[in-house]
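The next block holds one structure in the form of C-alpha cells; read it before the comments.
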Amino acid sequence: MGNQLQTVGLMVLLEMIWQRVIQNKRNGIRTWVWTDEFSIMFNDNSNGIYRTGDFFEKVYKRIRKHGGVATGATQNISEVIKSKQAMTMLQNSEFLTMLAQKEDDLEIIKQMFHLSENQAKYLDIDEPGKGLIKCGKRIIPFSNLLPKDSLMYQICTTKFKDIQQQIKAR
C-alpha cells in the first residue's frame, strides 16, 4: 500500500482486528494478535500525532481484558525507541524475547533493561539461536543452536539462501 493510503489502510485493518477480538470474547474465544514489524504503526507522524500508533497502543492496552494476547515483533529496537508510545509499550511488556542486536541498539537495550555484560553477550553475537528472555523482572539467557542439517533447522530457518537450497533439493 502506498504512503498516501498506508495510515487509512492500517486504521481499517486495526479496527477489523479489534472488532474480531470483541466478537471472539462474546463467543468465549481467545484471540492472539501477531504484529510483525510493529514499529511501522508509529511511522505516520503528523504534527506529533501518530494515528495508527494511538489506535495500536489503545488496542494493546485493552486486548487482555477481552481475552486477547498481543504480540509485536520488530527487527531493530532503534525504530521502536523513536516513538514514545512504542517505547512505553515495550517497557510495560511482561515478556520479551531479544535476539542479536546491532551495536547501537544493544547499548540502548543494556541501559533500558539494566543488563550485565555477561547477559549482553547473548545479544552481541551473530549466531542464530541465542538471546535473552525478559519475563517479569528476570532476564534469562538462552542458547538453542540447531544443527543446519536437522529437520528443525529446515523448518525454522528464515534465511532465503537456505530456503532456496531446500526447494532445489525437492
Kindly provide the pair-distance distribution of the stretch 21-140 built from C-alpha pairs, with 5 Å bins from 0 and whole-percent values in order of increasing distance. 2, 10, 19, 21, 18, 14, 9, 5, 2, 0
Expected vector for the stretch 111-121, Karplus 3J(HN,Hα) from phi with 6.51, -1.76, 1.60 and θ = phi - 60°, integer Hz, x for Gly and Pro, equals 5, 4, 10, 6, 7, 6, 4, 5, 5, 4, 4
Hits among lysines - C-alpha to C-alpha of Lys159 under 17 Å, sequence gap 8 or more where chains match: Lys130, Lys148, Lys168
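Please state the charge dipole magnitude for the stretch 1-81, taken about the Cα centre, from unit charges on C-beta atoms (+1 on K and R, -1 on D and E), reported in debye and rounded to the nearest 20.
Numbers: 10 positive and 7 negative charges, 136 e Å.
So the magnitude is around 660 debye.
Have a look at the DSSP beta bridges in the chain and tell me what percent are antiparallel, nearest 5.
65 percent
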Under the Kirkwood approximation applied to all pairs of distinct alpha-carbon atoms, what is the hydrodynamic radius of the stretch 94-147 in Å? 11.1 Å
Can you tell me the relative contact order of the stretch 36-152? Whole percent, Cα pairs under 8 Å, sequence separation 6 or more. 19 percent
In degrees rounded to 10, the 0-90 angle between helix 160-169 Cα long axis and the longest Cα principal axis of the chain is 70 degrees
Only Cα pairs within less than 10 Å get springs; with that Gaussian network setup on the chain, which residue of Phe113, Phe38, Phe160 has the largest fluctuation? Phe160
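Tally Lys/Arg at +1 and Asp/Glu at -1 over every other residue whose Cβ is under 13 Å from the Cβ of Phe95; what's the total?
For residues surrounding Phe95, the net value is +3.
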To test your reading of the geometry: what angle, between 0 and 90 degrees and rounded to tens, separates the Cα axis of helix 3-26 from the longest principal axis of the chain? 90 degrees
What are the extents of the Cα atoms of the stretch 1-81 along their three principal axes, in Å, largest first? 38, 25, 22
Along the Cα→Cβ direction, 7 angstrom out, place labels at Met87 and Arg138. What is the inter-label distance in nm? 2.9 nm
Ellipticity estimate at 222 nm from DSSP helix runs (n ≥ 4, -39,500 (n - 2.57)) divided over the chain, nearest 500: -14000 deg cm²/dmol
Under 19 Å Cα-Cα from Lys82, which lysines qualify once same-chain neighbours fewer than 8 residues away are excluded? Lys58, Lys102, Lys110
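Let me know the charge dipole size of the chain about its Cα centre in debye, to the nearest 20, where only the beta-carbon of Lys, Arg (+1) and Asp, Glu (-1) is charged. Could the numbers behind the result be given before it?
Working: 24 positive and 18 negative charges, 179 e Å.
Charge dipole, the chain, about its Cα centre: 860 debye, nearest 20.
Rule-based calculations on the coordinates, nothing more; no lab input. Quick caveat: nothing in here was measured; it's all calculated off a predicted structure. Cβ: placed from backbone, ideal geometry, glycine included. Neighbour counts: every protein chain shown.
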